[in-house]
Every structure is written in C-alpha cells, then in structure tokens.
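Only one structure is covered here, and it is reproduced in the block below.
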Amino acid sequence: MATEPKEYLVITAVGPDRVGLVEKITQFLLEVGCNIEDSKMAAFCGEFAIILLVSGEASGLDKVSSSLDVLKERTGLDFHSKRTSPKSVADSALPCRLQASCLDHPGVVHKFSAALSRRGINIESLETTTQAAPMSGTPIFQLEARLSVPRQINLHDLRKELEEIGMRENIDIEFSVLTKR
C-alpha cells in the first residue's frame, strides 16, 4: 500500500496562556498522524501565541483543518490554518543573519525592514525581545533576523547601509552570512 505524499499546513493560534496548552495541541496532532516540522511559541502578557508548520498526509491535514473547533474547545485558543507547499530553497539567495541591540525606542524594526525591503531582501524569520539591563533596569531591545539575500546584492554595500542605520539610531549591529540553510 503506497503512502500519500507529505503535505504541509500552517497553524496559528492565540488565546489565554495556561499550563498544558502545548501538550494538548501536540497530542491532537499526534493522534491524527501529523508531525510538527517547525514552530514558534511564546507567552505575551498572559496571552499564548503559536505558529506551527505541520506535515502529514492530506487526510491527516484535512482532519486538523476541519477540527480546529475541537482544539479551541480543548485549549481556549483561537486557531487558523492554511495549506501550503514545501518551500523550495532558492539557489540565488544567500542565508544571512542580522542581529541588533540598543536602548529600546520606537521604529527600530521599521528602519531595518524598510532598508531590506528596498533591496528585495526577504525576512524569513524575525524575533525581538526587550529586557531590563542588569544594573540600571533600562529597557534593552534585541533583534535577530534570518534573511534571504539575493546573490546579486553587494554584501559590502548592504553591511554598510545597515551599519549607517546603526550609527544614526545608536544600534549595535551584527550582520553575517550563514553557511548552512
């Protein structure tokens, strides 16, 4: 008996944080024969947010999509899903990382995202945090992004533009090309 090809589903959810949410969601996915390929989960001011890339046979993914109300009853989270196809790795792009830290102030993410967008650079993932500095308690903003940089982009010019943003905004910048995808 031939197995169905692997397909993909992106699931997002948000709602009140409480103990056991991840266990309930992962148990349900396991019961329908699906696997978590990638995930991001975090609690924000008492709200839990989750993004999952789930793989499985079409029948299992259909079961997940049609049972989101059941998951909502079990967890109290509001779920959404979208079918997708496997991502093809573009040979014409370089995987890069951008890290930044500074005293927290509005507009930091926008400054970087605008510069990257103008150059046709895709932000594949972006995470930010704000934490109190150890001695002063001053809010310190940190950003880490994984970028897909088209090979025709001059990396020296890109690094220079990012550093100029850093100097104008008083942001420490680290930009590097990653060796593995």
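The numbers here are math on the coordinates, done by the rules we state, and not lab data. The structure displayed is predicted, hence computed values, not measured ones. Here Cβ is always computed from backbone atoms with ideal geometry, including for glycine, and neighbour counts include all displayed protein chains.
Please give the direction-averaged projected area of the C-alpha convex hull for the chain, in square nanometres with one decimal.
13.4
Please tell me which of these pairs span more than 19 angstrom C-alpha to C-alpha: Lys6/Lys82; Lys6/Lys72; Lys40/Lys160; Lys24/Lys63?
Pairs exceeding 19 Å: Lys6/Lys72; Lys40/Lys160.
Rank Asn170, Ala145, His156 by how far each Cα sits towards the positive end of the charge dipole of the stretch 105-178 (+1 on Lys, Arg Cβ; -1 on Asp, Glu Cβ) and give me just the farthest.
Positive-end residue among those listed: His156.
Counting other beta carbons within 10 Å of each residue's own, what order do Phe112, Phe175 fall into, fewest first?
In order of increasing Cβ crowding within 10 Å: Phe175, Phe112.
Quick check: residue separation of Ser136 and Glu163 times 0.36 nm, minus the Cα distance between them. What number comes out in nm?
7.1 nm
For Glu31 paired with Ser65, estimate the spin-label separation in nm (one decimal), with each label point 7 Å from Cα along the Cα-to-Cβ line.
2.1
Using unit Cβ charges (K, R positive; D, E negative) and no other charged atoms, how large, in debye to the nearest 20, is the dipole of the chain about its Cα centre?
380
For Ser117 and Arg146, compute 0.36 nm times the residue count separating them, minus their Cα-Cα distance, and round to one decimal in nm.
9.1 nm
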